[in-house]
Amino acid sequence: MSTASHSHVFLGEGHDKNERRTWAVIALCAVMMVAEIVGGLLFGSIALVADGMHMSTHASALLLAALAYRYARRHADDPRFSFGTGKLGDLAGFSSAIVLAMIAILIGYEAVSRLIAPVPISFNEAIPIAVLGLIVNVVSALLLSGGGNDHGHSHSHGHSHDHAAAGHDHDEARDLQTSVGPVTLEIFEDGVPPRFRLTCAGNSLRADDVTIETVRGDGARQVFAMTERYGYLEAIGEIPEPHAFTARVLVNRGGEVHTAEFAEHEHAHGTAHRDNNMRAAIIHVLADAVVSVLVIVGLLLGRYFGWLFMDPVAGICGALVIAAWSYGLIRDTGAILLDMNPDRSMAEKVRAAIERDGDRLEDLHLWRLGPGHLGAILSVVTTKQRDPDYYRRLLDRFRSLSHVTVEIETR
């Protein structure tokens, strides 16, 4: 039994940048909080003071996210954490979701109370404050998301082949320097079965001059003859999956050999890559923004049409929206904290990779260590003499597997 890696730093991509963004939003909320409370006390506006106190709860929720980022970063190498601090953000997200649920209940209770027993509304003060709150929340959301440019990240590198949508990640083209000039070798599979294509400046290579041999990690070899197409040479026969091998390009009937490495990578999808700490912070901001929009609509309808009931109705709608977001966050973060399988499709692909040569995957545990990092424990039953490194090579294409333990039982 052996482990593939002893590093336990499983923080998400952009961890430091997200931490800085969160602190920036906290500073913005703190400034607005002080301005509203001081302004309310100076001008005798209880509504302004109330909104300032509300802003303080907003800043407190974001403070939880910022402290989680800081603690996870500072203790990333702490040996007391068996699998690092990558899940601390999920714990903070779970806590924020509980706070969101409580806020939804309080808003709903207050709205129902006002629907039953209406209270006078100071429209001239309430509407500008709601608009100001909406502006602050929009700015906060932009700060947290970085303008929407890099909140998430993609592993696609611009390939147009079919596997890109399925999570495959290839560097498809290889440039080779040969005696007849520069040659480009690529795996082409844009809507067609994958085949080698060889392009040479001036079309100075003929099909009879070249063969391509693939050598895989387990020693398996396959030779491809070439045929001439318009402007390039194409291999006869499809390239089997996975596309992870050494390609030997034999020029001039084997008198000249050039090698090119091809590696195929797959990444986890969905919740496996999501930064739930940042997600919770953004949901706090968006929830406040949605409530602000609903409140503005309700206040405008109440002021111009006399529909005073629209204010508490807007509050009820806002409470339902926040409750729904809170439920989704609790569900996702709770699943991570309980080590549920974050990507069933990857688990099946891991099984297929291990069992493709007659071995049996007796047991597989797959769980999330942090944003974009998965841990795996495999128990393999085999009749062959194979060491853990053999199975690690089979799993090399699964880039999200950051900590792998392999147990082998030979029968």
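Worth a mention:
- Residues located in segment 374-411, provided they are more than 16 Å from Asp359 (Cβ to Cβ), surrounded by fewer than 22 Cβ atoms within 10 Å (Cβ to Cβ) and among the hydroxyl-bearing types (Ser, Thr, Tyr): Thr405
- Arg351 vs. criteria open to solvent by less than 60 Å² (accessible area, probe 1.4 Å) and charged (D, E, K, R): no
- Check on Leu233, at negative phi and touching a Leu at 6+ places or on another chain (Cβ under 7 Å): yes
- Only listed residue being open to solvent by 60 Å² or more (accessible area, probe 1.4 Å), aliphatic (A, V, I, L, M) and at pLDDT 80 or above, chosen from Val38, Val25, Val34: Val34
- Single residue of segment 313-335 satisfying the filter (open to solvent by 10 Å² or more (accessible area, probe 1.4 Å), in contact with a helix residue (DSSP H, G or I) (Cβ under 6 Å, 6 or more places away or on another chain) and not small (Gly, Ala, Ser)) that is nearest to Ala92 (Cα to Cα): Ile330
- Matching residues in segment 59-80 - criterion: being buried (at least 17 other Cβ atoms within 10 Å of the Cβ) and over 19 Å from Ser140 (Cβ atoms): Ala72, Ala76
The values are calculated or read from the model by the stated rules, or taken from the named source; none is laboratory data. What you see is a predicted model; the values in this text were computed from it and never measured. As a convention, Cβ positions derive from the backbone with ideal geometry for all residues, glycine included, and neighbour counts pool all protein chains shown. When the accessible area is computed, the model is the full protein with side chains, heavy atoms only, and any ligands, DNA or RNA have been set aside. Shrake-Rupley method; radii C 1.70, N 1.55, O 1.52, S 1.80 Å.
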